[in-house]
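Down below is the structure, laid out as structure tokens.
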Amino acid sequence: MATPTTTPATMRAVQYDACGGGAAGLKHVEVPVPSAKKNEVLLKLQAATINPVDWKIQKGDLRPLLPRRLPFIPVTDVAGVVVDVGPGVKGLTAGDQVVAMLNSFNGGGLAEYAVASANLTVKRPAEVSAAEGAGLPIAAGTALQALRSIGAKFDGTGKPLNVLVTAASGGVGLYAVQLAKLANLHVTATCGARNMDLVKSLGADEVMDYRTPEGASLQSPSGRKYDGVVHCTVGVSWSSFQPLLSDAGRVIDITPNFSAILTSALHRMTFSKKRLVPLLLSPNKADLELLVGLLKEGKLKTVVDSKFPLSEADKAWQSSIDGHATGKIVVEMES
């Protein structure tokens, strides 16, 4: 157990007091350091990554569910060092380097310290930097679960499926391309022209510029039908995907709107073989351990777009809102 003198009474944090406001709505504050309760650990944070869901919560898109209470310290994907453990925690001790996904209701990632559930905290080996590890929980977790929904297997037993990854140079897309190749899938990807070489370097078999007629059509250059689509962008209708799918092809929509949910329900009711499947991440420790292990082995990499100190968290926030990042936007906590 860490001694009380190792942890200060207060910490620097970034929070917002109301929904809306974007980066201008973020405030730098000094607040009490939280304490670990049952089955929780207190982390001294080293890095956090911003995901689109973070500013969508601030915008009010997930009301009334989130934010549960204001003021709210946003961000859930973090890496740091365990400084204290609550009752009931096994397998984690003070001094452990870790990656964690914080509770979405409580947030807390844009701060010097945060409390994480021991069930969503995994040890981070020396080979994995804090920035690399902090990129994993939402983005890589979503990519992994989307590919599993298509039928991808990561133990060598899977079938050789064809998959399309849209917006392949974004946070989820870059992980999806790599994980699909680890599952021995044939990968067609769309992205902007400036990122085509990067996406190819991560293993994509076919890469299309989404701004060209060929890319906009989403058709595989080699004429393959898709067994699955990891759909990481918006504005593409089900009718655009349907003719491109194999007989039992699935489109996994990671940002489903109301229309997508209705379409999915209709497919289930009519027992359609081709389906639109909305995906909401189901965080779990086993997936996070798998992903950290792949990073350690060099089989997966976190592409970092940019790094900002906590004092410039508003710039990181705006960069995510702008939507042009290639990979992850990292906020680092200065010592």
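Readers should treat all values here as calculations from the given coordinates under stated rules, not as data from a laboratory. Note that the structure is a prediction, hence the values are computed from the model and not measured. Every residue, glycine among them, receives a Cβ derived from its backbone with ideal geometry; neighbour counts consider all protein chains shown.
Based on other C-beta atoms within 10 Å, arrange LEU182, LEU144 from fewest to most.
Working: LEU182 17, LEU144 26.
In increasing order of surrounding Cβ atoms, one gets LEU182, LEU144.
Only four residue types carry charge here, +1 at the Cβ of Lys and Arg and -1 at the Cβ of Asp and Glu. Report the dipole size of the chain about the Cα centre in Debye, rounded to the nearest 20. If you can, show how the numbers build up before the last one.
Numbers: 34 positive and 29 negative charges, 187 e Å.
Taking the Cα centre of the chain as origin, the dipole is about 900 debye.
Mind checking the range 12-109 for trypsin sites (Lys or Arg not before Pro) that DSSP puts in a loop (not H, G, I, E or B) and that have at most 14 other Cβ atoms within 10 Å? Don't skip to the end; give the middle numbers.
Values: sites: ARG12, LYS27, LYS37, LYS38, LYS44, LYS56, LYS59, ARG68, ARG69, LYS90; in loops: LYS37, LYS38, ARG68, ARG69, LYS90.
Hits after loop and neighbour filter: LYS37, LYS38, ARG68, ARG69, LYS90.
Summary of packing: across the peptides 313-321, 106-114, 122-130, the per-residue average of other C-beta atoms within 10 Å ranks them, highest first, as 106-114, 313-321, 122-130. Its residue count N sets the reference 2.2 N^0.38 Å, and the alpha-carbon radius of gyration of the range 138-278 equals 0.95 times that reference. As a calculated quantity, the FRET efficiency between LYS301 and ASP155 at R0 = 30 Å, using C-beta atoms, amounts to about 0.90.
Would you mind calculating the gained length between SER272 and ASP17 on full extension (0.36 nm times residue separation, minus the Cα-Cα distance), in nm to one decimal?
On the way: separation 255, 0.36 × 255 = 91.80 nm, distance 4.55 nm.
The SER272-ASP17 span can extend by a further 87.2 nm.
If R₀ is 25 angstrom, what is the calculated FRET efficiency for the pair ALA286 and SER35, using the beta carbon separation as r and rounding to 0.05? Approximately 0.35, to the nearest 0.05.
Based on the Cβ-Cβ distance of ALA193 and SER237, what FRET efficiency does E = 1/(1 + (r/R0)^6) give at R0 = 25 Å, to the nearest 0.05? So the FRET efficiency works out to roughly 0.55. Per-residue ellipticity at 222 nm, computed for the chain from helices alone with -39500 (n - 2.57) per DSSP H run of at least four residues, works out to -7000 deg cm²/dmol. Its convex hull of Cα atoms gives the range 1-101 a direction-averaged projected area, equal to a quarter of the hull surface, of 6.9 nm².
Summing Cβ point charges (Lys, Arg +1; Asp, Glu -1) relative to the Cα centre of the range 138-278 gives a dipole of roughly 340 debye. If both residues of a DSSP beta bridge must be in the chain, then about 60% of such bridges are antiparallel. Here the chain was treated as a single set of alpha-carbon atoms; its pair distances binned every 20 Å from 0 give 32, 56, 12, 0 percent.
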